[in-house]
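*Asks:* Mind looking over this structure? Questions follow.
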Amino acid sequence: MASLQQEQTAARAGNGSVATATPTIDVTNPATGEVIAQVPDLGREQVAEMARLGRAAQPGWEALGFEGRGRVLLRMQRWVMDNADRVIRTIVSETGKTYEDAQLAEVNYAANAFGFWPRNAEEYLAEERVKTANVMLKGKKLVLRYRPVGLVGVIGPWNYPLTNGFGDCVPALAAGNSVLLKPSSVTPLTSLLLAEGLRECGLPEHVLQVATGSGGGTGGAVIDEVDMVMFTGSTETGKKVMAQAAERVTPVSLELGGKDPLIVLSDADLERAANAAAYYGLFNTGQTCISVERVYVEAPVYDEFVAKLTDKVRGLRNQPSTGPGTSEVGSLTSPPQVDIVEQHVRDAVDKGARVLVGGHRPERPGLWYEPTVLADVDHSMLCMTEETFGPTLPVMKVADTEEAVRLANDSPYGLSASVFSKDVARGEAVARRIEAGAVCVNDAVTNYLALELPMGGWKASGLGSRHGAGGIRKYTKQQSLLVSRFHTKRELYMFPYTPRMTRLIGRFQKLLYGRGKRD
Ligand code: TXE
């Protein structure tokens, strides 16, 4: 059951307005099946009140400037490190992931983000003086500036409650916005704990509020209240979010599903490729938007690669993580995931795939599925075409590079991909042909750690991007200024129109645009 601190945090998330009548949602530890806390399931009126408070707090936060806001966020970087073990254990308790998955892909990311955004926000959002080649505007001052949108709504998923929910709040705050964060109803505790941390670090009241509750209910109410929506989740829900946001012409940034391919060329370092496939396919129990979801291997090295991969996956401990170094692959996090994984494996086997390791639900409480390698798969199978989001690695033999590229691109998704070859120039040439927002050569996933490098999906994988200049500018509205400093009382083209002036303007246009050799 909820600790006193959790109950208090939950109550405060609703600004103390959580009446006893507010319905609650159980939070379950998916590794054990035990209910560990309850949080309020906030309704429309409560979300509207939070939005009002967030809007009221925003101008004061913006007025602190980059330096004042940066001080709070940088203090939070230290807080995350000082409280790392507590944060990790909270994440592990509500996601079922391993200690290391929470440490590396969540705490590490958050600590980095709480330093990166305050250090770079000012430069990314600096006013720009713009020069124009248009002679009609000579002498005028042109400026591009960025203003915070006001109130940002962040709707987060359950696979990375810190990185992909809370992590998106950091650039929004650095830009001077207030934020309403709607964490997944499956994993709200991490967001509540981090919000508590930000308050301890001096974030003014109501600048960041956590609206716990259901997707369509609380999440839908958030969409209707905010000035911009950052959503991470499934493509199906992303479309609904986009449609609802369209009602008020609210901008959205969407990070959606993926079916990321890993290509092993015949000249690859097979040891590295197999280690990378095992790790980047199975860390976080395969529940990473950019995890390796399918593998294509050129025929001459297929058997050797599959043998290496199978060996590595067979040695993995798939059990509850009770502390550092106690398990490699944790439980799944969201209840429907086990059924999806089971369905994909069964479908593959029914159509002729071989299970080389794994392939079952272990007999224990909680949401478990064994790390699984599937060989002899093809594109008639769900495991190669639909997002599995679980601990499976389907490996397909391809005749050559052309077939690998064609199949890698044969997907409605285009989030990321990776290519392995000892010939890095060849690897890079293949990478450039993949239809995805990010492609790694002799690596996978790690592009996500470079906060300077934009990360966003093509096709059904999303809209907009995280990281880089675009990762903070999306939380702002652009304003262009034109200031006319030296001018006459009347421009020549202004009223009244006369035949002489119209002819003169025509001649002037020909002089400007009608001369010169073209080809
Ligand atoms: O996510 P949803 P689900 C994929 C993965 C998984 C599938 C479904 O394949 O099997 O999505 O997961 C909130 N208005 N990814 O159903 O529904 C919801 O409460 C507003 C990939 O659990 O997309 C949660 O906070 N909000 C992904 C968030 O949306 C709504 C990570 C995401 O939930 C809403 C997770 C609505 N109508 C799953 N309905 C990635 N890209 O990393 C739900 N929500």
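Just so you know, all these numbers are worked out from the coordinates, no wet-lab data involved. Please read these numbers as outputs of a predicted model, since none were measured by experiment. In this analysis, Cβ positions are derived from the backbone assuming ideal geometry, glycine residues included, and neighbour counts consider all displayed protein chains.
*Asks:* Over the Cα atoms, compute the radius of gyration (one decimal) and Dmax (the largest Cα-Cα distance, rounded to a whole number) for the range 23-72, in Å.
*Replies:* 17.5, 47
*Asks:* Non-local amide H neighbours of T28 (under 5 Å, H modeled in plane, Pro and chain starts lacking H): which ones?
*Replies:* Close amide H contacts, sequence-distant or interchain: I36.
*Asks:* Can you check how the C-alpha radius of gyration of the range 213-355 compares to 2.2 N^0.38 Å, as a plain ratio?
*Replies:* 1.34
*Asks:* Considering only C-alpha atoms, what is the centroid distance from the range 163-197 to the range 344-380, in Å?
*Replies:* So the two Cα centres are separated by 35 Å.
*Asks:* Do any trypsin sites (Lys or Arg not before Pro) in the range 120-173 lie in a loop, going by DSSP, with at most 15 other beta-carbon atoms within 10 Å of their beta carbon, and if so which?
*Replies:* Of the trypsin sites (Lys or Arg not before Pro), the ones in loops of the range 120-173 whose Cβ has at most 15 other Cβ atoms within 10 Å are K131, K138, K140.
*Asks:* About the Cα centre of the chain, how large is the charge dipole given +1 on each Lys and Arg Cβ and -1 on each Asp and Glu Cβ? Please answer in debye to the nearest 20.
*Replies:* Once rounded to the nearest 20, the dipole reads 3760 debye.
*Asks:* Let's test the formula: R0 of 45 Å, r as the Cβ-Cβ distance of R503 and Q478. What FRET efficiency results, to the nearest 0.05?
*Replies:* About 0.75, to the nearest 0.05.
*Asks:* What ³J(HN,Hα) values, in whole Hz, does the Karplus curve 6.51 cos²θ - 1.76 cosθ + 1.60 give for the range 443-459 when θ = phi - 60°, with x put for Gly and Pro?
*Replies:* 6, 7, 6, 5, 4, 5, 7, 7, 5, 7, 9, x, 9, x, x, 9, 6
*Asks:* Here is a further query. Could you tell me, in Å, what Rg and Dmax come out for the Cα atoms of the range 377-471?
*Replies:* When restricted to Cα atoms, the range 377-471 yields Rg and Dmax of 13.9, 41 Å.
*Asks:* Using the 10 angstrom Cβ neighbour count as an exposure proxy, how do I223, I36 rank, fewest first?
*Replies:* The most exposed by this proxy come first: I36, I223.
*Asks:* Using just the helices of the chain, give the 222 nm mean residue ellipticity in deg cm²/dmol: DSSP H runs with n ≥ 4 each add -39,500 (n - 2.57), and the total is spread over all residues, rounded to 500.
*Replies:* Theoretical 222 nm ellipticity from helices: -11500 deg cm²/dmol.
*Asks:* Which Rg and Dmax, in Å, describe the Cα atoms of the chain?
*Replies:* Radius of gyration, then largest Cα-Cα span, for the chain: 26.1, 91 Å.
*Asks:* Here's something else I'd like to know. Based only on the alpha carbon positions, what is the Kirkwood hydrodynamic radius of the range 110-225, in angstrom?
*Replies:* It is 15.9 Å.
*Asks:* Tell me the net charge near V483. Cut-off is 9 Å between Cβ atoms, V483 excluded, with +1 for each Lys or Arg and -1 for each Asp or Glu.
*Replies:* +3
*Asks:* Hey, another quick one. Convert each backbone phi in the range 249-256 into a coupling constant with the Karplus relation 6.51 cos²θ - 1.76 cosθ + 1.60 (shift: θ = phi - 60°), then list the ³J(HN,Hα) values in order as whole Hz, x for Gly and Pro.
*Replies:* Rounded to whole hertz, the list is 6, 8, x, 10, 10, 10, 10, 10.
*Asks:* I would also like to ask the following. HN-Hα J couplings of the range 361-372 from phi, Karplus 6.51/-1.76/1.60, θ = phi - 60°, integer Hz, Gly and Pro as x?
*Replies:* So the Karplus estimates, Gly and Pro as x, are 8, x, 7, 7, x, x, 9, 10, 8, 5, x, 10 Hz.
*Asks:* Give the residue list of chymotrypsin sites (Phe, Trp or Tyr not before Pro) in the range 434-504 that are DSSP loop and have at most 14 other beta-carbon atoms within 10 angstrom.
*Replies:* Answer by residue number: F486, Y493, Y497.
*Asks:* Here is a further query. How long is the range 160-200 along each principal axis, judged by its Cα atoms, biggest number first, in Å?
*Replies:* Answer, in whole Å and largest first: 29, 21, 15 Å.
*Asks:* Would you mind ranking M242, M381 so that the residue whose beta carbon has the fewest other beta carbons within 10 Å leads the list?
*Replies:* In increasing order of surrounding Cβ atoms, one gets M242, M381.
*Asks:* Go ahead and collect, in residue order, the members of the range 239-272 whose backbone nitrogen is under 20 Å from a label point 7 Å along the Cα-Cβ direction of E402.
*Replies:* 263-267
*Asks:* Which order do T187, T446 fall in if you start with the one that has the fewest other Cβ atoms within 10 Å?
*Replies:* T446, T187
*Asks:* What fraction of the DSSP beta bridges in the chain is antiparallel, stated in percent and rounded to the nearest 5?
*Replies:* 40
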